[in-house]
Amino acid sequence: MLAVTLGITEAMKNNENFKNPIPSLKSIEKATQNYTDSLKVVLDNPTKLDVLTKNKNSKELRSLLTKLAKYVNLVADGDLYKLKSSGFKIAKKPSTIGVSPEK
């Protein structure tokens, strides 16, 4: 998750396609740092509170990334170039397989 998040924030910095990201990149960077710090703590003899804190920070970061993805989709309005410039992984468009049955 950290590598993906760092890739997205780097791609979004000074990106002319997304001038005013919501949420702000600053808030995502702060959440990323909080998650990274709590992750380091749980790697060495963690308490239950340490694990709960890491899980809370992970949930917060995921929530911010979900909101940012919604912003990117809204602003890009289907423009593949803009979508790719965001750093997010692009999902394939749904397609039909075979012939649709007639009704």
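The values are calculated or read from the model by the stated rules, or taken from the named source; none is laboratory data. Computed from a predicted structure; not experimentally measured. Heads up, the Cβs are rebuilt from the backbone with ideal geometry, glycines too, and the neighbour counts pull from every protein chain shown.
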Just checking, how many residues over the range 9-59 are within 30 Å of residue 81 (Cβ to Cβ), in contact (Cβ under 8 Å) with a residue 40 or more places away in the chain and in contact with a helix residue (DSSP H, G or I) (Cβ under 7 Å, 6 or more places away or on another chain)?
10
Would you check which residues across the range 1-55 are under 16 Å from the mean Cα position of the chain (by Cα) and acidic (Asp, Glu) and list them?
10, 29
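I need the helices (runs of 4 or more DSSP H) fully contained in the range 19-93, keeping only those with at least 1 residues that are at pLDDT 95 or above and acidic (Asp, Glu).
Result: 25-42, 48-76.
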